[in-house]
Amino acid sequence: MTVKVGIPRALLFYEYYPLWKVFFEELGAKVIVSQKTNKEIVNKGIKSTINEACIPVKIYHGHVLDIKDKVDYLFIPRLKSVCRGEYICPKFCGLPEMIKYSIKDLPQVIYPEIDFMKNKKKLKEIICEVGKYFTNDSTRILSAYDKAYSNYKSYKKNVNRGIPTSKGNLSHKKKVMVMAHSYNLYDTYMNMDIINKIQEKGIDVFTPEIVHKEYTDDYACKFKGNLYWTFAKKLIGTALYMIDKKNIHGIVYISTFGCGIDSVVAHMVENFIRKESSIPFMLVTLDEHSGEAGINTRVEAFVDMIKWRDINENNISSNG
Ligand code: SF4
């Protein structure tokens, strides 16, 4: 019988799913992903998580509940560091324990520790440790990983669809950058489909993935102080790059209530924009009580403001 591995469609699913999926499938497992986020998943997640947790972590709990009874294993890696010299939010490090202590009757949880700060050299060992749940053949495990990694690299390359330029190589429409952690950006239930809402108003939307890591790292270095939080570095580097290139007509930052990193980064991004440019900026902070009507009104007002700049004077501040 084929072994089933469950992957919750939340948090870093939006970064690493193409890698994990191919790896497990190459080892003969069937990968089961939870449904797209919906009201039931959110409500169940909220009920099973401590109040202090941020909404993306609560939603993750809901996704675990959605698949836990359909699989033989749950894959919940303990992610501490995914880039050399940098860390990610501590919630990712404690995620396996949060889940184990909040949700009963779980299948076996596979929770390898990924810490590139300490043990990138040990990556092979970790891969073999995970692969041994499915086969004892180390060569097969490593070859599955090679295939998965190459699939992941081409996925990342394809996401990089090209930076908008002032020469207008993409379209003559106005261009807006929507920034957020990937799980806030691509979970359309969570963000009330904000990207689509902006596009429907005739605006091209770009996300931080269009800016290559080489550039975001480079621009983030211009910031004084050591940025050792991987996702903060990406967002700050992207904002500084966009301000410098002057080829975007608006920036929207989606943050979540209760996120320590966003509470600092969103305001830093806003300060850079307001100080260094006149690009219109909108901060959207989401939580479980956010209403769609409020988002619609704010999107409409923001897009109108961008369009009015064509008709009226353009020499106005990023506040409008
Ligand atoms: S970075 Fe923020 S939103 Fe993401 S898991 Fe950590 S606290 Fe939650």
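Nearest 10 degrees, 0 to 90: what angle lies between the long axis of helix 260-276 and the longest principal axis of the chain (Cα atoms)?
Once rounded, the angle reads 30 degrees.
Tell me the trypsin sites (Lys or Arg not before Pro) within region 19-75 that lie in a loop according to DSSP and have at most 15 other beta-carbon atoms within 10 Å.
Listed in order of number, the matching sites are K36.
Pick from P56, P208, P77: which is most flexible by mean-square fluctuation in a GNM of the chain where alpha carbon atoms under 10 Å apart are linked?
P77
So which GluC sites (Glu not before Pro) in region 1-64 end up in coil per DSSP with only 12 or fewer other C-beta atoms within 10 Å?
The qualifying sites are E52.
Subtracting the Cα-Cα distance from 0.36 nm times the residue separation, let me have the gained length for E292 to E40 in nm, one decimal. Let's see the in-between values first.
Working: separation 252, 0.36 × 252 = 90.72 nm, distance 1.71 nm.
In short, 89.0 nm is gained.
How high is the relative contact order of region 4-159? Use alpha-carbon pairs under 8 Å, at least six apart in sequence, and give a whole percent.
Result for region 4-159 is 27 percent.
Net charge near Y16, counting Lys/Arg +1 and Asp/Glu -1 over other residues with Cβ under 14 Å of its Cβ?
+3
How large is the translational diffusion coefficient of region 9-124 in µm² per second when you combine the Kirkwood radius over alpha carbon pairs with Stokes-Einstein at 20 °C and 1.002 mPa s?
For these conditions, the coefficient is 144 µm²/s.
Mind listing the phi-derived Karplus ³J(HN,Hα) values for region 74-85, rounded to whole Hz, using 6.51, -1.76 and 1.60 with θ = phi - 60°, and x for any glycine or proline?
For region 74-85, the Karplus curve yields 10, 9, 10, x, 8, 9, 9, 8, 10, 9, 4, x Hz.
What does DSSP give for region 174-311 in terms of the percent of beta bridges that are antiparallel, rounded to the nearest 5?
0 percent
Report, in degrees rounded to the nearest 10, the 0 to 90 angle that the Cα long axis of helix 292-311 makes with the longest principal axis of the chain.
Taking Cα atoms only, the helix is inclined about 40 degrees.
Quickly work out the K124-to-D217 label distance, labels modelled 7 Å from Cα along the C-beta direction, and quote it in nm with one decimal.
A separation of 2.3 nm, rounded to one decimal place.
Using 23 Å as the Cα-Cα cut-off, could you pick out the over-long pairs in K44/K68; K58/K175; K47/K70; K39/K68; K68/K157; K30/K58?
Exceeds cut-off: K58/K175; K68/K157; K30/K58.
About the Cα centre, and with charges only on the beta carbon of Lys, Arg (+1) and Asp, Glu (-1), how big is the dipole of the chain? Nearest 20 debye, please.
For this selection, approximately 640 debye.
How about K174: which lysines have a C-alpha closer than 23 Å to its C-alpha, ignoring those fewer than 8 places off in the same chain?
Partners found: K197, K201, K245, K246, K275, K307.
In the chain, if the dipole is taken from +1 on Lys/Arg beta carbons and -1 on Asp/Glu beta carbons about the Cα centre, which of A232, T297, I127 is farthest to the positive end?
Of the candidates, I127 comes out farthest on the positive side.
Per residue, how big is the convex hull of region 143-302 when only Cα atoms are used? Give it in Å³.
Convex hull of Cα atoms, per residue: 137 Å³.
Report, in deg cm²/dmol and to the nearest 500, the calculated mean residue ellipticity at 222 nm for the chain, where each DSSP H run with n ≥ 4 adds -39500 (n - 2.57) and the sum is divided by the residue count.
Helices in the chain give a 222 nm mean residue ellipticity of -15500 deg cm²/dmol.
What aspartates and glutamates could a cross-link reach from K233, if we take a straight Cα to Cα line under 14 Å and drop same-chain neighbours fewer than 8 places away?
The qualifying aspartates and glutamates are E86, E209, E214, D217, D218, D262.
Assuming 0.890 mPa s and 25 °C, estimate D for the chain with Stokes-Einstein, Rh taken as the Kirkwood radius over Cα pairs, in µm²/s. Show your work: numbers first, answer last.
On the way: Rh = 21.0 Å.
Approximately 117 µm²/s, per Stokes-Einstein.
Compute the acute angle (0 to 90°) between the alpha-carbon long axis of helix 90-102 and the principal axis of greatest extent of the alpha-carbon atoms of the chain; round to the nearest 10°.
50 degrees
Computed from the coordinates by the stated procedures, all read-outs in this text should not be read as laboratory data. Computed from a predicted structure; not experimentally measured. Every residue, glycine among them, receives a Cβ derived from its backbone with ideal geometry; neighbour counts consider all protein chains shown.
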